[in-house]
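Heads up, the thing below is written out as structure tokens.
The values are calculated or read from the model by the stated rules, or taken from the named source; none is laboratory data. Here the structure is a predicted model, which means the values were calculated and not measured. Positions of Cβ are backbone-derived with ideal geometry, glycine not excepted, and every protein chain shown enters the neighbour counts. In case anyone asks, the SASA skips ligands and DNA or RNA and just uses the protein heavy atoms, side chains included. Shrake-Rupley method; radii C 1.70, N 1.55, O 1.52, S 1.80 Å.
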Amino acid sequence: MGSFEEDKDIIKQNLECVTERPDAVFGIRMLMEDKCEMPDRETVQDVMDRHLGRSECFCYDAQVIGFSASQYSVHFAKENKDISPQLLIMGCKPITAPVMDGMEKSQTWDCPECDDILQQCTWQVAASDMMAAGLNYKERAEMLVQYVEALMELFPSCRAVVFDSSKKMFTREKLIRCRLPMESRFIYYAVNVRLFNIQGAEDMIVDSVGMSMLSLPDIQ
């Protein structure tokens, strides 16, 4: 799907811009009002182990924390080896570019406080996975849900989160209060169902973004 441009109150799709499929790397931004420090290594290890089972910290400093999710493995045929996905947490940085454009903000149905949060939060902690696209879709969904919930525990000063693949936005409080069954949480957290009016017609378009993270089709 192409990107969108704003013209006054009308959102136009730019058909010449084609975005890459986002299924290779899962990214999440935790938005903060103030700069926060990294949690200590022992705390991170404990939280990761409780949420993700066995995990191994291969990098820890003020700039990045890296863990291998040892409970999961992806087979790489070229190297003929199984490798555990990596989970990365970047140090808190100032937000230097808009987190969302106008079209994306118009689709934040789960976070009516979106505009206030984006104005008040000037810092972010970015997190992602690596080498996880080859996981079975059920395994990757489970791992990512557990990862998100671990991050919510590790960063209590987080005001809200934005999922890069779908631009779905939640307050931290709404995420930690979620009581949906585990198998439903990935769709709730990271798949955004969008609704658009078509200018000059009574028709509407509904689509989804975020399912491609599991190598499954989105819909329109």
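If you take just the strands (runs of 3 or more DSSP E) that sit entirely in segment 1-47, which of them hold at least 2 residues that are among the aromatic types (Phe, Trp, Tyr) and modelled with pLDDT under 50?
Answer list for segment 1-47: none.
Looking at segment 132-156, which of the residues that are more than 14 Å from the chain's Cα centre (by Cα) and open to solvent by 70 Å² or more (accessible area, probe 1.4 Å) is nearest to residue 34 (Cα to Cα)? So, considering only residues that are more than 14 Å from the chain's Cα centre (by Cα) and open to solvent by 70 Å² or more (accessible area, probe 1.4 Å), the one nearest to residue 34 (Cα to Cα) is 156. As for segment 111-124, it holds no residue that is touching a Phe, Trp or Tyr at 6+ places or on another chain (Cβ under 9 Å) and β-branched (Val, Ile, Thr). Tallying residues that are closer than 24 Å to residue 51 by Cβ and touching a residue at least 24 places away in the same chain (Cβ under 8 Å) within segment 188-210 yields 5.
Within segment 57-108, the set of residues being of a type in the set (Phe, Trp, Tyr) and either part of a helix (DSSP H, G or I) or surrounded by 13 or more Cβ atoms within 10 Å (Cβ to Cβ) (or both) comprises 60, 67, 72. Looking only at residues that are in contact (Cβ under 8 Å) with a residue 12 or more places away in the chain and not hydrophobic (A, V, I, L, M, F, W, C) in segment 114-131, which one is most open to solvent (accessible area, probe 1.4 Å)? Ranking the qualifying residues of segment 114-131, first place goes to 120. Being open to solvent by 10 Å² or more (accessible area, probe 1.4 Å), among the hydrophobic types (A, V, I, L, M, F, W, C) and either assigned to a loop (DSSP other than H, G, I, E, B) or under 23 Å from residue 37 (Cβ atoms) (or both) is not true of residue 111.
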